[in-house]
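J.: Input: one structure, supplied below.
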Amino acid sequence: MVIVLEKNIAEEKIELIIKQLEEFEFSVHRSTGIEQIVLGAIGVHPTFDTRKVKVLDGVAEVYRITEPFKLASRSFQKKNTEIKIKNVVIGGNEIEVMAGPCAVENEEQIFEIAEIVSKAGAKILRGGAFKPRTSPYSFQGLGEKGLKLLRKAADKNKLIVISELMEPKHVHLLEEYADIIQIGARNMQNFPLLKAVGKSKTPVMLKRGLAAKVEDLLMSAEYILASGNPNVILCERGIRTFETYTRNTFDISAIPVIHKRSHLPIVADPSHATGIRDKVLPMARAAVAAGADGIMIEVHNHPEKALSDGPQSLLPDQFTELMKQIKLIAKVIDRNL
């Protein structure tokens, strides 16, 4: 249920309404809009009479939310969520670019790439320290050492950091070294992990699972929101279909669909979506045109030697050219880069 409160309502009245909702056995989440305060009453009460809430002093309107994802729903919050991290705002008018290697390999590599992406205009440095790999024999990442190198490289180039979390026990490490915690596609429905980052104050980027519907993605986001973390970013990174010419099938239509159904920002990852270097550029351009709030691009200075995902990583000059192209596209759709 969404409860819209009267304008200029006193804080004492708000507290009384929340107390009453909790007595009705609802979990209450508060959202402050430009003009009015909105309360989200979460709980499965199919026969509940909403008139019990409508008659409360200070309540203007009451609406039932039909979607199974309540807090992530556009019905709960009409205004787009904007997530502010230092000098970056994800979900605003500016399209943010996350760029860097798939994995942090050594100090020289990450420092060189950080400088490259920063000079090209990216504000967020990506890099994996804990890597979920299909094969147990593949490079699994440098762990905390990789996070330390990532943080140092980012700080030197005035970038913020996004890196992937795989286990709840490592939440404190990501909170210490990263500005955004990434939950990868393979962990989209790892509910204990989602609850763990939901208790964190660090923003979370949740990637769509390999065979997940849009609703599945939003339901997973709901776990994080319901656990207390409002700073959730969604990510479209392609889904597994019968097509074999690309690594995955990039569902660009998910971008406007999510914008209509949810207030959460959405980032596109054409690198993992296509898995082929020459396909990344056109898909990145398409994602920006479709309304993505950001794009995540893999960049490597020596992709032929990369320990992870070299074939889909852009060369430095390709990334620089892509930044110029998407800046022009952003201007056409009245956005900034």
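FYI, it's all coordinate maths here, none of it is from the lab. Owing to the predicted nature of the structure, the values given are computational and were not obtained by experimental measurement. Please note: Cβ atoms are built from the backbone with ideal geometry, for glycine as well, and neighbour counts cover all protein chains shown.
J.: Contour minus end-to-end for Glu167 and Lys213, with contour as 0.36 nm per residue of separation and end-to-end as the Cα-Cα distance?
T.: Gain in length upon complete extension: 14.2 nm.
J.: With n ≥ 4 as the cut-off for DSSP H runs, can you work out [θ] at 222 nm for the chain, using -39500 (n - 2.57) per run divided by the number of residues, rounded to the nearest 500?
T.: -10500 deg cm²/dmol
J.: When you count, for each residue, the other Cβ atoms within 10 Å and take the mean per peptide, how do 67-78, 120-131 rank with the highest first?
T.: Details: 67-78: 19.7, 120-131: 24.8.
Ranking, from highest mean packing down: 120-131, 67-78.
J.: Within a 10 angstrom radius of the beta carbon, how do Ile9, Ile116 rank from fewest other beta carbons to most?
T.: Arranged by neighbour count, lowest to highest, Ile9, Ile116 become Ile9, Ile116.
J.: Can you sort Thr50, Thr32, Thr246, Thr134 by how many other beta carbons sit within 10 Å, fewest first?
T.: Numbers: Thr50 14, Thr32 10, Thr246 17, Thr134 7.
Ranked by crowding around the Cβ, least crowded first: Thr134, Thr32, Thr50, Thr246.
J.: Do any of Lys52/Lys213; Lys207/Lys324; Lys131/Lys201; Lys152/Lys331 go past 28 Å between their Cα atoms, and which?
T.: Over 28 Å apart, Cα to Cα: Lys52/Lys213; Lys152/Lys331.
J.: Note down the nm distance, to one decimal, between modelled labels 7 Å out along Cα→Cβ at Arg30 and at Asn93.
T.: About 3.0 nm separates the two model spin labels.
J.: Can you tell me how much longer the chain between Lys84 and Lys119 gets when fully stretched, taken as 0.36 nm per residue apart minus their C-alpha distance, in nm with one decimal?
T.: 10.4 nm
J.: For the chain, the longest stretch holding no GluC sites (Glu not before Pro) located in a DSSP loop with at most 15 other Cβ atoms within 10 Å is which? Could the numbers behind the result be given before it?
T.: On the way: sites that count: Glu6, Glu25, Glu35, Glu82, Glu243.
After excluding every exposed loop site, the longest remaining stretch is 83-242.
J.: Can you give the extra length, in nm with one decimal, that the chain gains between Tyr137 and Arg186 once fully stretched, where that is 0.36 nm per residue apart less the Cα-Cα distance?
T.: Full extension from Tyr137 to Arg186 adds 15.9 nm.
J.: Alpha carbon centre of segment 215-282 versus segment 298-337: separation in Å?
T.: 18 Å
J.: Using a 7 Å offset from Cα along Cα-Cβ at Asp278, what residues in segment 227-251 end up with backbone N under 11 Å from the label point?
T.: none
J.: Further, regarding this structure: Going by how many other beta carbons lie within 10 Å of each one, how would you line up Ile85, Ile224, Ile258, fewest first? Please report the intermediate quantities before stating the final value.
T.: Details: Ile85 18, Ile224 27, Ile258 24.
Arranged by neighbour count, lowest to highest, Ile85, Ile224, Ile258 become Ile85, Ile258, Ile224.
J.: Can you list residues whose amide H is under 5 Å from Val161's amide H, if they're 5+ apart or on another chain and H is modeled 1.01 Å from N?
T.: Amide H neighbours of Val161: Leu125, Asp179, Ile180.
J.: For the pair Lys331/His45, report the inter-label distance in nm, with labels modelled 7 Å from Cα in the Cβ direction.
T.: Taking the simple label geometry, Lys331 and His45 are separated by 5.4 nm.
J.: To check my understanding: the extent here is largest minus smallest coordinate of the Cα atoms along each principal axis. What are those three numbers for segment 108-182, in Å, largest first?
T.: Largest to smallest, the principal-axis extents are 35, 25, 17 Å.
J.: I would also like to ask the following. Among Thr47, Thr66, Thr249, determine the one that fluctuates most according to a GNM of the chain built with springs between C-alpha atoms less than 10 Å apart.
T.: Checking each option, the largest mean-square fluctuation is seen for Thr47.
J.: Further, regarding this structure: What nm distance separates the two modelled labels at Glu107 and Lys19, each placed 7 Å from Cα along Cα→Cβ?
T.: Placing both labels 7 Å along Cα→Cβ, they lie 5.9 nm apart.
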